[in-house]
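The block underneath contains the structure these notes are about, expressed in structure tokens.
The values are calculated or read from the model by the stated rules, or taken from the named source; none is laboratory data. Predicted model, so just to flag it, every value in this text is computed and none were measured. Neighbour counts run over all protein chains shown; Cβ positions are idealised from the backbone, glycine included. Protein only, heavy atoms only, side chains kept; ligands, DNA and RNA dropped before computing areas. Shrake-Rupley method; radii C 1.70, N 1.55, O 1.52, S 1.80 Å.
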Amino acid sequence: MATLRRSPSAWPLSGPTRLTRTIIKEVLERHGLDPSRALGQNFLCDPAMVDKIVRLAGVGPGDRVVEIGPGLGSLTVGLVTAGANVLAVEIDKYLIPPLTEIVGPAIDDGTVRIINADALELDWAAELGDTPAKVVANLPYNVATPLVLDLLCTQPLLTSFLVMVQAEVGERLAAAPGGRTRGIPSVICEYWGVASVVGRVPPQVFLPQPRVDSVLVRIDRSSTPRVDAEFSDVSTVVRAGFGQRRKMLRRSLAAQLDEDQIAAADVDPTARAETLDLQAWGRLARAYSSSRC
Ligand code: SAM
């Protein structure tokens, strides 16, 4: 949690406010809060970057947006200004009073709903109901990958994601076959949709500044999985393949498929996991499925 140094005093703002570095410092000071490193609290303090994120997310009037980790509301205000309805999930109870104050009337008129909860534990299906939504978030770095993958795999109503993440994490989510950044998250993302890095973000736009660079990743969910294979089978072979990524597939997949079965799936048994495209993983997943019948 953000450290509470003293009781907050009341200083209501009149309405949605663009959060600059000066305003963020002032709000933190007035509420007696220090940002928590454990919760990845690096607040956006550059309204131009907020506008860029909203634009890249393609958010417009009437869109339903899920924001994970609204913090003090830098991005929430940008989303509301663009005309979105926002469901904001924030784990830190100490941030709820300043967030409520900053987002102000948008909560009163139902445009913004704030839930004080851990996004990793939330009953998303219950909160989302049956309306599609876009995820737009400056994600806490320590939970970014599990959160994005979990929501991609379990919440089909979340149709697109525009997330700010640590550069290394974003590059792995969007990695094409052939490089060292290709990994389990890359293949899982590709199974559900199309992922790309759409922008780079310098540390200077945050308060406090993180030690690492960030990127903006956009993921557009496809209407059906992008390869004809059960997700559980794809997940099994991909996890086995990348679990021992330096080994040839004939070794890393030995518990799932023998060399002849790998070759029959039109995959080179001496190849390594990072070289395979999604179609090849799909063929291996189908072979694994057949082998169990
Ligand atoms: N969106 C704000 C911004 O751009 O200024 C804050 C972004 S900050 C990088 C990440 C936010 O996620 C923090 O407010 C933090 O408290 C919150 N957070 C961290 N872990 C979380 C979790 N598991 N569920 C929900 N929120 C979380």
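Summary of computed values
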{"read-out": "Residue-normalised accessible area of the chain, expressed per residue, 1.4 Å probe, Å²", "value": "44"}
{"read-out": "Formal net charge of residues neighbouring M49 (Cβ-Cβ distance under 13 Å; K, R +1; D, E -1)", "value": "+3"}
{"read-out": "Spatially close lysines, pair count over the chain: Cα under 28 Å, gap of eight or more or interchain", "value": "4"}
{"read-out": "Projected label distance in nm at N142 and L122, using a 7 Å step from Cα toward the beta-carbon", "value": "1.9"}
{"read-out": "Net length gained if the chain between A48 and I96 were fully extended (0.36 nm per residue, minus Cα distance)", "value": "14.9 nm"}
{"read-out": "Cα centroid of the stretch 192-238 to Cα centroid of the stretch 127-184, whole Å", "value": "4"}
{"read-out": "Gyration tensor (Cα) of the stretch 35-92, equivalent ellipsoid semi-axes in angstrom", "value": "20, 13, 8"}
{"read-out": "Hull volume in cubic angstrom per residue (convex hull over the Cα atoms of the stretch 2-221)", "value": "110"}
{"read-out": "Acute angle (nearest 10 degrees) that the helix 21-31 long axis makes with the longest principal axis of the chain, alpha-carbon atoms", "value": "70"}
{"read-out": "For the chain, built as a Gaussian network whose Cα springs stay under 10 Å, the top-fluctuating residue of D233, D109, D34", "value": "D109"}
{"read-out": "Normalised per residue, the volume of the convex hull around the Cα set of the stretch 231-291 (Å³)", "value": "64"}
{"read-out": "Whole-Hz couplings from phi, Karplus 6.51/-1.76/1.60, listed for the stretch 83-96; x for Gly and Pro", "value": "x, 7, 9, 10, 9, 10, 10, 10, 7, 8, 4, 6, 8, 5"}
{"read-out": "Candidates G71, G199, G129, ranked by Gaussian network fluctuation over the chain, Cα under 10 Å, top entry", "value": "G129"}
{"read-out": "Accessible-area composition of the chain, carbon plus sulfur, in percent [1.4 Å probe]", "value": "50"}
